[in-house]
Amino acid sequence: MRINSKAITIIIVLTFFFALQAEDNIRPGLNFLKSAAVPGWGQLSLQKTYGLGFLAVEAGFWTMNFYYNSESDNKAEASIKYATKYGNIDPAGDYSYQFYEDMRYYICSGFSDGGYNAHIAQIAIGLYPDDPAAQQEYIDAHAYDEEHYWSWETSNNKREYSVYRKRIEEYSDYLKVLGGAIAANHIISAFDALRLSNKLKRVRFGVDFNSENTPLLSCTYKF
């Protein structure tokens with residue numbers, strides 16, 4: 001097939017242009033950092049469209065991360081409202097995460113049967129069976145005071161509340177898994193960009209001419 005001089009000129013210009021672009025973009029260290037920061041960026045800099053896959057996965061992971069964080073916050077807020085209504089806690093109280101967790105397992109905070117402080121007293125007796133003073137010291141150190149009072153109206157209320165808190169735990173586990181997956185996506189993309197850059201750096205494109213002055217696209221690989 002005959003190729004006119006204009007087409008030959010275009011081929012030569014395009015060949016050198018893309019060769020130059022490839023040379024400028026083939027920087028292993030830079031592409032490693034690009035994909036470490038934004039998965040797929042290094043691959044796209046090397047005109048590899050599968051970098052979009054890394055980007056899509058990253059976007060999906062962060063969407064899920066936002067969703068689970070939002071749901072966790074919603075369940076936490078709902079559990080506090082439920083505890084205020086049915087657990088008789090002070091709506092203006094400043095309670096710790098552990099306090100809300102303890103409410104899952106004990107019907108009240110006091111020393112009555114099934115209460116948190118009653119459980120603490122049993123531990124104190126087991127640790128110091130013959131030392132009432134040590135028992136009291138342990139109780140004072142670990143029991144809840146009157147400012148941390150709660151009392152579930154029914155055992156069913158406590159179970160319903162526990163469902164809210166269980167969902168928060170599950171979302172927390174999902175977020176941990178997502179955190180690992182996001183980190184893995186960055187690492188895999190970064191090392192893939194490094195591998196690809198090193199591989200392409202060994203490839204050289206050029207244009208040669210045969211005895212009839214026909215342009216030939218050449219490709220060499222440096223081992």
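The values are calculated or read from the model by the stated rules, or taken from the named source; none is laboratory data. Here the structure is a predicted model, which means the values were calculated and not measured. Backbone-built Cβ (ideal geometry, glycine too); neighbour counts: all protein chains shown.
Pairing each residue of the range 124-152 that is within 30 Å of Pro91 (Cα to Cα) and free of Cβ contacts under 8 Å to residues at least 40 places away in the same chain with any residue that is part of a helix (DSSP H, G or I) and of a type in the set (Val, Ile, Thr), provided the two are 6+ apart or on different chains, yields C-beta distances under 6 Å for Ile139/Ile120; His142/Ile120; Ala143/Ile120.
Check whether at least one residue in the range 113-127 is at pLDDT below 95 and surrounded by 13 or more Cβ atoms within 10 Å (Cβ to Cβ), and report yes or no. Talk me through it step by step, then tell me what you get.
Initially, the range 113-127 is screened for residues at pLDDT below 95, giving 113-114.
Subset that is surrounded by 13 or more Cβ atoms within 10 Å (Cβ to Cβ): 114.
For the range 113-127, residues at pLDDT below 95 and surrounded by 13 or more Cβ atoms within 10 Å (Cβ to Cβ): present.
Which of the following residues is under 23 Å from Asn69 (Cβ atoms), part of a helix (DSSP H, G or I) and modelled with pLDDT under 95: Glu101, Glu147, Glu169? Give the steps one after another, and end with the answer.
Numbers: Glu101 fails: modelled with pLDDT under 95; Glu147 fails: under 23 Å from Asn69 (Cβ atoms).
Among Glu101, Glu147, Glu169, only Glu169 is under 23 Å from Asn69 (Cβ atoms), part of a helix (DSSP H, G or I) and modelled with pLDDT under 95.
Look at Asn198 and say whether it is at pLDDT below 95, in contact with a helix residue (DSSP H, G or I) (Cβ under 9 Å, 6 or more places away or on another chain) and assigned to a helix (DSSP H, G or I). Answer is yes for this residue.
Note on the range 128-139: residues that are assigned to a loop (DSSP other than H, G, I, E, B) and surrounded by 15 or more Cβ atoms within 10 Å (Cβ to Cβ) total 1. Listed by first and then second residue, the pairs with beta-carbon distance under 6 Å, at least 6 apart or on different chains, first residue in the range 73-99 and under 18 Å from Arg167 (Cβ atoms), second loosely packed, with under 15 Cβ neighbours inside 10 Å and modelled with pLDDT of 95 or more, are Tyr86/Glu153.
Got at least one residue in the range 155-170 being surrounded by 14 or more Cβ atoms within 10 Å (Cβ to Cβ), over 30 Å from Phe54 (Cα atoms) and aliphatic (A, V, I, L, M)? No. Of all the numbered requirements in (1) part of a helix (DSSP H, G or I); (2) surrounded by fewer than 12 Cβ atoms within 10 Å (Cβ to Cβ), Met64 misses one, and that requirement is (2).
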